[in-house]
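**Q** Pasting a structure below so you can have a look.
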Amino acid sequence: MKFIGNKIFIAFLIFFAGIKVYALDVVYPTAYNVNINASSTFFVGNTNPEEILTINGTKIDVHPSGAFAQKVPLNIGKNVFTICSGFDKKVYTINRNAVLTVSYNNSSKIDNFKKFDEEKYVYIKNDGTALRSTPVEQGINRLSHLEKDVILKIDGEMYGLYRVVLAENNYAWVNKKSVYENVVQEDIEPAKLIAKYFDQINHSKFYKIKLTKRIPYYVEEKDNELILHLFNIDGRESVIPVKLKYNLAGYDAYYERDNLVFEVKKKLKLYKFKPLKDITIVIDAGHGGSEKGAVSCLRDNEKDINLKIALYLYKELCKKGATVYMTRFTDEFVSLNDRVKFSNDKQADIFISVHANSLPDGKDPMKERGTSVYYYYDEAKPLAESILNSIVGKVKTKNDGIYQRSFAVVRNSRALSVLIETAYVINPYDIILLNNEKFQKNCAKAISNGIIEYLKSIQVNQS
Ligand SMILES: [Zn+2]
């Protein structure tokens, strides 16, 4: 009997698949039973726009495309939601735990600080280890990214980070797990300066300092000056100031063997005809392959939208004379590290990462819309502003702001780097735009214009 029942069921399925175009498709939450520890979440998906959509009996607005997005409050404990559209009915159980949130104070108060009886020395395990200004493992508190084998003097710990003694009354923090401690006595001789070099290649000036060992450093940005601070393990500090006669176009400091290299980018020139002919740009279409990015209310994958806009941007920038590279041309997985490495290998002047936005639980996907641009280093802020103004002006998306955020691709690229969230895939109105070819093309044009406007502005500001 069961066998026959299945057969009938399959016949019904085939029958319905042929005529039933719409079915209630809930994209988020992604399962019928989930744990969400926030005061609210949302139902995002699509259905037949002709049918009435309800959540626990309350009517929900459906966009003419069928897309919907509805915020729902969550009580602590079990929350049951019944979502209905036409003959479709789905029941979701969402559990919210009472969570204890631990917030670390970013101030210099160090109540939980455990000071060691005596100072110790440690070595950094891997390249790219963050040296931080506060004992917090996140946020905009990175002084520099140190390389493997940089030696650090530490005098205590808190919240899983060691306190690094840079100089007298000058401290930094490093994750305990990112260092190793088998330092022998002769290792702790102070580093000696062997030689200094100066070099200029392409768009960069290089100040190179050859040392007997790797010691910590960071770069301080001032109005018309960059200052490289170098800290020897006996507590002595050296400074290398570089006066800027032009608007800063980017800088970096890093070790190449025992040479500390301080690279300062020269001003980017703009030409009348083919304005970008002197400029190398890397376009980074966010996500790809197995990594889909955000999923829209209509079930589009962010990775595909990003690639379409990135490809139009590629054409635009080539037309303007730039040397342009893409971190991916097709739907393939590329790691964040490889994207950064690619950009640095190509010696890109500008790095543009193209994404489309989504939201975490606790936000309202009907209220959040529009375009936002992110930067990490202050020198990229004017570029971020210029691109945002250009997009909002041309494609009329809501201005969702520019923000300083610690995104790995933006933080680790040596180029002037920004990340663009073109619009929200999770918003029923924005997703219509994102899927529109004309919008994609105009968005690409606007990004290209934003880059040119930025370059124009730094030509004028030149002192
Ligand atoms: Zn993304």
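**Q** Specify whether the C-alpha gyration tensor of the stretch 280-460 places it in the rounded, prolate or oblate class, a ≥ b ≥ c being the square roots of the eigenvalues: rounded for a/c under 1.5, otherwise prolate if a/b is larger than b/c and oblate if not.
**A** Rounded, because the longest to shortest axis ratio a/c is under 1.5.
**Q** Hey, got the dipole for the stretch 193-265? About the Cα centre, +1 on K and R Cβ, -1 on D and E Cβ, debye to the nearest 20?
**A** My answer is approximately 260 debye.
**Q** Using amide H atoms built in the peptide plane, which far-off residues or other-chain residues are under 5 Å from residue 398 H to H?
**A** For residue 398, the qualifying residues are 370, 371.
**Q** Place +1 on the Cβ of every Lys and Arg and -1 on the Cβ of every Asp and Glu in the chain, take the dipole about the Cα centre, and give the residue among 173, 126, 384 whose Cα lies farthest towards its positive end.
**A** 384
**Q** A follow-up question, please. Among 56, 70, 94, flag the residue with its Cα farthest along the positive direction of the charge dipole of the stretch 22-96, charges on Cβ as +1 for Lys/Arg and -1 for Asp/Glu.
**A** Positive-end residue among those listed: 94.
**Q** Show me, for the stretch 80-94, the HN-Hα J-couplings you get by feeding each phi into the Karplus relation (A = 6.51, B = -1.76, C = 1.60, θ = phi - 60°), rounded to Hz, glycine and proline as x.
**A** Karplus values, whole Hz, x for Gly and Pro: 10, 10, 10, 10, 10, 8, x, 8, 7, 9, 10, 10, 10, 10, 10.
**Q** Could you pull the accessible area for residue 59 with a 1.4 Å probe, rounded to 10 Å²?
**A** Probe radius 1.4 Å; accessible area of residue 59 about 130 Å².
**Q** If you take the charge dipole of the stretch 280-460 about its Cα centre, with +1 on Lys and Arg Cβ and -1 on Asp and Glu Cβ, which of 401, 444, 426 is farthest toward its positive end?
**A** Looking along the dipole axis, the top candidate is 444.
**Q** Calculated from DSSP H runs of 4 or more alone, at -39500 (n - 2.57) each and per residue, what is the 222 nm mean residue ellipticity of the chain, nearest 500?
**A** -6500 deg cm²/dmol, from helical runs alone.
**Q** Would you work out if the stretch 238-332 is rounded, prolate or oblate? Take a ≥ b ≥ c from the square roots of the eigenvalues of the alpha-carbon gyration tensor; rounded if a/c is under 1.5, else prolate when a/b is larger than b/c, oblate otherwise.
**A** Judged from the Cα gyration tensor, the stretch 238-332 comes out oblate (a/c at least 1.5, b/c at or above a/b).
**Q** Right, next: With a ≥ b ≥ c taken as the square roots of the eigenvalues of the C-alpha gyration tensor of the stretch 296-338, please select rounded if a/c is under 1.5 and otherwise prolate if a/b is larger than b/c or oblate if it is not?
**A** The shape class here is oblate.
**Q** Quick one, could you list the DSSP H helices from the chain stretching 20 Å or more along their long axis (Cα atoms) with average Kyte-Doolittle hydropathy of 1.0 or above?
**A** Qualifying helices, which must be both long enough and hydrophobic enough, are 2-19.
**Q** Whose amide H sits under 5 Å from the amide H of residue 166, counting only residues 5 or more places off or on another chain, with H placed in the peptide plane?
**A** 171, 172
**Q** In Å², and per residue, what accessible area does the stretch 22-96 have when probed at 1.4 Å with the other protein chains present?
**A** 49
**Q** Using modelled backbone amide H atoms (1.01 Å from N, in-plane), which distant-in-sequence or interchain residues come within less than 5 Å of residue 41's amide H?
**A** Residues meeting the criterion, in which the H sits 1.01 Å from N, are 72, 74, 362.
**Q** For the chain, give the share of DSSP beta bridges that are antiparallel, in percent and rounded to the nearest 5; count only bridges with both residues there.
**A** So the antiparallel bridges amount to about 80 percent of the total.
**Q** Determine the share of the chain's accessible area contributed by carbon and sulfur atoms, expressed in whole percent, with a 1.4 angstrom probe.
**A** On the chain, the fraction of accessible area on carbon and sulfur atoms equals 50 percent.
**Q** Something else now. Could you give the size of the charge dipole of the chain about its Cα centre, using +1 on the Cβ of each K and R and -1 on the Cβ of each D and E, expressed in debye and rounded to the nearest 20?
**A** About 1200 debye.
**Q** Largest first and in whole Å, give the semi-axes of the stretch 24-74's equivalent ellipsoid, each being the square root of 5 times a Cα gyration tensor eigenvalue.
**A** Over the Cα atoms of the stretch 24-74, the ellipsoid semi-axes are 20, 12, 9 Å.
**Q** To continue, here is another question. Counting DSSP beta bridges with both partners in the stretch 280-460, what percentage is antiparallel, nearest 5?
**A** Approximately 20 percent, going by the DSSP bridge assignments.
**Q** What percent do you get for the relative contact order of the chain when only Cα pairs under 8 Å and 6+ apart count?
**A** 12 percent.
**Q** Longest exposed-loop-site-free stretch of the chain, with chymotrypsin sites (Phe, Trp or Tyr not before Pro), DSSP loop and at most 10 other Cβ within 10 Å?
**A** Answer - 274-463.
**Q** So, one more: Would you mind computing Rg(Cα) / (2.2 N^0.38 Å) for the stretch 114-182, counting N as its residues?
**A** Relative to the rule-of-thumb radius for its length, the stretch 114-182 sits at 0.99.
**Q** Where Rh denotes the Kirkwood radius from the mean inverse Cα pair distance, what is Rg over Rh for the chain?
**A** 1.05
The values are calculated or read from the model by the stated rules, or taken from the named source; none is laboratory data. None of the values given here were measured: they were computed from a predicted structure. Glycine gets a Cβ as well: all are built from the backbone with ideal geometry, and neighbour counts include every protein chain shown. Remember, those area values only see protein heavy atoms, side chains included, never the ligands or the DNA or RNA. Shrake-Rupley method; radii C 1.70, N 1.55, O 1.52, S 1.80 Å.
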